[in-house]
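Take a look at the structure set out below.
Read the figures in this text as sums done on the coordinates, not as results from a lab. Here the structure is a predicted model, which means the values were calculated and not measured. Quick reminder, even Gly has a Cβ in these numbers, built from the backbone with ideal geometry, and neighbours come from all protein chains shown.
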Amino acid sequence: MKNQQAHVILILFLLFINITLQLTAQNIYKDSSVPIEARIKDLISQMTLAEKIGQMQQNHLSKKNDEVFNEIKLGKIGSFLNAGDINDKFELQKIAVEESRLGIPLIYGRDVIHGFKTIFPIPLGQAATWNPEIVKLGSAAAASEAAEVGIHWTFAPMVDISRDPRWGRIAESCGEDPYLAAKMGSAMVEGFQGNDLSSESSIAACTKHFVGYGAAESGKDYNTTIIPERYMRDIYLPPFKSCIDVGAATLMSAFNDINGVPASGNEFTLKRVLRDEWKFDGFVVSDWASMTEMINHGFCADETEVAYKSVKAGVNMEMVSQSYANNLEKLIKEGKVSEDLINEMVEGILRVKFRLGLFENPYKQLKEKSRTLSAEHLTAARESAEQSFVLLQNTDDFLPLSKLSKTIAVIGPLADDAQAQLGCWSPDGDPENSITPLKAIKQLLGEKTKVIFAAGLDNCRSTNTEKFAEAVTASEAADAVIMILGEDDLLSGESHSRAFIDLPGAQEELIKTIAETGKPIVLVIMAGRPLTFGNIVKDVKSILYAWHPGTMGGPAIANILFGNVSPSGKLPVTFPRTVGQVPIYYSHKNTGRPPSENQLGIKMGTPENPVGFASYYLDVDYTPAYPFGFGLSYTTFEYHDLKLSSNEILMGGKIEVSATIKNTGKYDAEEVVQLYVRDLFGNVTRPVKELKGFKKIHLKAGEEKVVTFSLSTGDLAFWNIDMKYAAESGDFTLWVGGDSQKGLKADFTIK
Ligand code: NOJ
C-alpha cells in the first residue's frame, strides 16, 4: 500500500515537473526579459513545419474574407503588405495573436518612400540636398506618420545606383554615385528606424533592390544587368553595405537578372556577400513575385524549382507569389532542403519581429499626439525641398526675382498641379494637402503684385497648342515670366521608363513661343529624372531644377525664386546633353584616348578627322550638360588655401585635407564642399575621379570657413586585380571644390 502511495506521489511529482517545464518552455519566447536569441530558439522549437513556412509568406491584402482569416488562424501568413487601414490591421492582428496556435504577430509593410502623408521630395531630390541630416529628418517624419496607422515596415530606402535617366526608377534612387548613395541611404535607414526599433515611432527599413537593379540595360525597367564582380563590389554593393552597417532590419531582393542569375535566386549576392561576408542577420523579402518570375527569366522550370533556388540563396520571405507555401514542405520531405535551412530563414523573420517589439506590442501604433501633416513636418518638407533645388543657370544674376514686381506671369501645366508635384511612389500622399507653386507665389507676393496664370497646355504631355495664345497674352502683360514645366508624376517610377528624355509634349515649343514676347523667363523644371533641354537654354534667363518636390513644393519654389533662401542643391547625377550620351557619369574610366578640351564637337565643313582619334562624339560634345555635383547659388564662393597635413600617407594611415571657402557674394547661403580623389595608376584601371567626402556648410555674406576632411588609405581601397579590397601605394590627385569638374588640386602619395 505504502509502495503504491509512493508510486502515485512520484507520478504526480513527475507530472508536476513536466507541466512546469512545459509551461516554462512555452513562456520563454513570450518573456521580454529573455534575450531575443533565446526567445527565437524557443519559439522555433515549438513551431510545426507548416507554421514555419507560414512565416515565410507575405500577402497583399486585396480582400478581407473567411479564407484570409482562416489562413491567419492556421499560421499560414507571416506578413501583409498594403493591409488596409488601422482597423483592418488590428482585426487581422487580433486573429494572429489570439487565435493562431502560437500567437506570432503579423508584420505590416508598405511603400513609405519619400513621406507618408507629408510628402518630401522624391529620393533623387533628397539626394540633391547633399544633407544627410535633413534626409534623416524626412525619413523620421515619414516613419512617425506611418506608425500612427500601424505600419511596421517600409520598403525603403532604395539605393540602386543608377546612371541611366531613361530608367523611371532613377527618381527613387540616390543617383549615380556609391559614396553619396551610401550616405543618403544610411541616413534614411537611421531616420526610419530611429535609435530603437521597438519605439512606437520607428518602422523597420528595407534596403532595396538587392542588387544592380538600376543597371537595367537600355534603362528599361526589370531589364537584364551585366555587372562584373569588381564593379558590383566597387559600385553597386557599397550603399547596401552602409545601410546594413547602420542596422537596416531587412533587405529586398530585386527583379533583375544579374550576369545570368536572377537576383532572387542569386547565391553569390544573397548568400556569399550578404550573409557570409556582411553577416546580415535580418531578413530578405523578395520583390513582388520576383521569385516566380524566375520562370519567365528561364532560370527555373516551375515553382518547385523557384522555391528551391530562392531558399537556397537565402530569401526569407516571399512577397505575394506562393512558391514557398506550395512547395517547401515537399522539398523537405524529399530531402532536397533541410529543415535547418528553414529554421535559419524563419529566425531572420522572427528576429525582426522581436526587435520591433511586436510580441510585446502587436497593436503597435504611435498613439501620442498626431504628427501627421504637423507644422513641424511641413516645415521639414519645405526645407528639404528648398535644399534639393539645383540652380542650373542664372544669366545676369536674374534670380532672385524682386518681391516688388508689379506683374508676374506664371505659365505651365505644372504650376498648379497638386498631384504632379508629389512625384512617383507617394501612394498615401493627398494632393489636397499640396501647396502648388502658383498658390505659394500668390501668397508670398500678396496684393501688391498681380499674378496672372495661364497653363499654356492641358498637361505636360499635351501637344495641343490652342492655349498658347492665352499664355502669350499673360506673358506680354508681365514684368517677368515664371514657367513651371517638366514631367508629371506619371512619367517616372516603376515601369515608367522613357526613351526620349526631352521636355515632353509641346513644352519646348511653349517656351520658344513665350520667349518671342521678349519677356525674361525663369524656367522651373519639375521632373523625376534628368531631362535634356539644351534647345531652350538660350531662351530663358534662369533654370531651377526642382525634381518632384512634394507637399510643400510650392512654398519652397516661391522662397527660392524670390530670394528668401539661396539655392544650395547639387546634382546627384550627371545631366546628359542628349540621350545618346547615356550612360554618362563623372567617375568613368579614362580610356586610352581621352578627348581633350579642343575636341568639343566638330564643325561642318572641316577636313576629315580634324580633332584626332579620341573618345568623343562627332555630333555632340563629350562633356555633359551639367556635371555631377554641380549647382549654382545666388552668391559666389571662393575656394583657397588647400592644405594637406602631409603629401605622404603611410599604408594604414591618414591625412587631413583642408580648404578655406569664402562667401564672396551678397547673400547668406549654403555650399556643398566636395572632395574628389584620383588614383593615378592601379593594378586595375581606376576612375578619373571618385567622391570621397562632402560637407554642406552655411556661410554668411563675406564669411569664410575652413573645411577639413580626413582621408585614410582605407578610404582609397578598391577591389584589386586579385579581388582583394585594398589600397595601393602610389600617386594620387585630389580636388576640393563645389562640383566634380573644378576645384583646388593637390597631389599625394601612399607609401
Ligand atoms: C514592386 C517594387 O519593385 C518594390 O520596390 C515595392 O516595394 C514592391 N513592389 C511593393 O509594393
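Data table
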| item | result |
| --- | --- |
| The range 256-351, Cα convex hull volume normalised per residue, Å³ | 89 |
| Farthest positive-ward along the chain dipole, Cα basis, beta-carbon charges - from V579, N564, T660 | T660 |
| Partner lysines for K94 [C-alpha distance under 25 Å; skip if fewer than 8 residues away on the same chain] | K30, K41, K52, K63, K64, K73, K76, K353, K364, K367, K369 |
| Per-selection metrics, the range 637-750 (Cα): Rg and Dmax in Å | 15.2, 53 |
| Kyte-Doolittle mean at least 0.5 and Cα axial length at least 20 Å: DSSP H helices in the chain | 2-28 |
| Calculated from backbone phi, Karplus (6.51, -1.76, 1.60) coupling profile of the range 665-676 in Hz, x at Gly/Pro | x, 9, 10, 5, 7, 10, 10, 9, 8, 10, 10, 10 |
| Sequence ranges 143-153, 428-438, ranked by mean other-Cβ count within 10 angstrom, highest first | 143-153, 428-438 |
| F575 long-range amide H proximity, modeled H, under 5 Å | A625, Y626, F628 |
| Kirkwood hydrodynamic radius of the chain, from inverse mean 1/r over distinct Cα pairs, in Å | 27.8 |
| Value of D in µm² per second that Stokes-Einstein yields for the range 444-518, Kirkwood Rh from Cα pairs, at 25 °C (0.890 mPa s) | 178 |
| DSSP beta bridges in the chain [antiparallel fraction, %, rounded to 5] | 55 |
| Net charge dipole size for the chain [Lys, Arg +1 and Asp, Glu -1 on Cβ; Debye, nearest 20] | 1000 |
| Ellipsoid semi-axes in whole angstrom, largest first, where each is sqrt(5λ) of the Cα gyration tensor of the range 350-450 | 40, 16, 14 |
| Dmax and Rg, reported as Rg then Dmax, of the range 381-561 (C-alpha, Å) | 14.9, 46 |
| Hits among aspartates and glutamates - C-alpha to C-alpha of K689 under 15 Å, sequence gap 8 or more where chains match | E176, D177, D234, D679, D715, D731, D739, D747 |
| Order by protection proxy (mean Cβ within 10 Å, highest first), peptides 302-313, 178-189 | 178-189, 302-313 |
| Charged-residue dipole, Cβ positions (Lys, Arg, Asp, Glu), the range 613-676 about Cα centre, Debye nearest 20 | 140 |
| Dipole magnitude (debye, nearest 20) for the range 381-561, charges at Cβ of Lys, Arg, Asp, Glu | 500 |
| Distance between the range 613-683 and the range 372-436 - C-alpha centres, whole angstrom | 29 |
| The range 198-270, Cα convex hull volume normalised per residue, Å³ | 99 |
| Amide H partners (placed H, <5 Å) of G486, local residues excluded | M526 |
| P(r), alpha carbons of the range 626-695 - 10 Å bins starting at zero, rounded % | 15, 39, 31, 12, 2 |
| Translational diffusion coefficient (Stokes-Einstein; Kirkwood radius from C-alpha pairs) of the range 560-712 at 25 °C, 0.890 mPa s, in µm²/s | 133 |
| Cut-off under 5 Å, modelled amide H: who pairs with I649 long-range | T749, I750, K751 |
| For the range 97-215: span of alpha carbons on each principal axis (Å, largest first) | 50, 26, 22 |
| Rounded D (µm²/s) - the range 498-589, Kirkwood Rh over Cα pairs, Stokes-Einstein at 25 °C, 0.890 mPa s | 165 |
| Listed residue pairs exceeding 18 Å between alpha carbons, taken from K208/K336; K643/K745; K136/K695; K662/K695 | K208/K336 |
| Residues K369, K208, sorted so that the one with the fewest Cβ neighbours within 10 Å comes first | K369, K208 |
